[in-house]
Amino acid sequence: MQKKIYVIGIMVLLLCSIASAVDLSNYPDMFIKGLKLNVYLVVGKSAAAEDVVGSIDIASSLVRASPQKEFESIAKLDEEILDNLTDYNTILVGGPCANSATAKIMGYPKDCTEGFKVGNAVIRLYQHENGNVALVVAGLLALDTRRATSVLADYTNPNYNLTGTELIVKGVGQKITGTSDEPIE
């Protein structure tokens, strides 16, 4: 009898952890708590202009989505938040070469360009043990990152089927189309 209760308890815990898993379909609601935004947008200390403009576009779309009427600053530099990164929900703009917070979330890859290629960008969701999330928006080039920030800024566009924990954004120039099942081009 005690084994049966133990097994049922484990099953309930597993189901709870699956139910609480966050994916991109929860964007931007995962960053709105009650009536307030609950996120920091983080760029690298020496971020490219495209990273900064992209984070402004994302912030603007978050403000439009939020019922909040008065706002505190939601912008941070990577070095301002690096020591306690998991204490917050974050949107990290720029790859691990450009943003030390992104590098930390990605496990400090030996080669900061590993997994990235010209013309591609990634929107990847990481969930911390405490329930907070980090959303990495990054490409090899600043223009690639900019295309990915445009997808988040225009998240209601039906062509951007935000689902799962990762979306690959492909493109040339500013052209972006597609869904998460098919890489955005």
Exercise. Fully extended, how many nm does the chain gain between Ile56 and Asn159 (0.36 nm per residue separation, minus their Cα-Cα distance)?
Worked result: 34.9 nm
Exercise. Amide H to amide H under 5 Å from Asn120: which residues, 5+ apart in sequence or cross-chain, H placed 1.01 Å off N in plane?
Worked result: Leu140
For this session: Among the GluC sites (Glu not before Pro) in region 80-156, which ones are in a DSSP loop with at most 15 other Cβ atoms within 10 Å of the Cβ? Mind listing them?
Result: Glu114, Glu129
For this session: Would you mind working out the magnitude of the charge dipole of region 30-88 relative to its Cα centre, with +1 at each Lys and Arg C-beta and -1 at each Asp and Glu C-beta, to the nearest 20 Debye?
Result: 380 debye
Problem set entry | Proxy reagent accessibility, fewest Cβ within 10 Å first, across Tyr40, Tyr108 | Tyr108, Tyr40
Exercise. Amide H neighbours of Val133 under 5 Å, counting only residues 5+ apart in sequence or on other chains, H built in-plane at 1.01 Å?
Worked result: Asn89, Thr90, His128
For this session: Mind putting a number on the dipole of region 21-170 about its Cα centre? Charges go on the C-beta only, +1 for Lys and Arg and -1 for Asp and Glu, and I need it in Debye to the nearest 20.
Result: 280 debye
Exercise. Which net charge results when you count Lys and Arg as +1 and Asp and Glu as -1 among the other residues whose beta-carbon is under 11 Å from that of Thr86?
Worked result: -2
Exercise. Counting Lys +1, Arg +1, Asp -1, Glu -1, what net charge surrounds Ala47 among other residues with beta carbon under 15 Å of its beta carbon?
Worked result: -4
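Values in this text are rule-based calculations from the coordinates and carry no lab data. What you see is a predicted model, and the numbers here were worked out from it, not measured in a lab. Here Cβ is always computed from backbone atoms with ideal geometry, including for glycine, and neighbour counts include all displayed protein chains.
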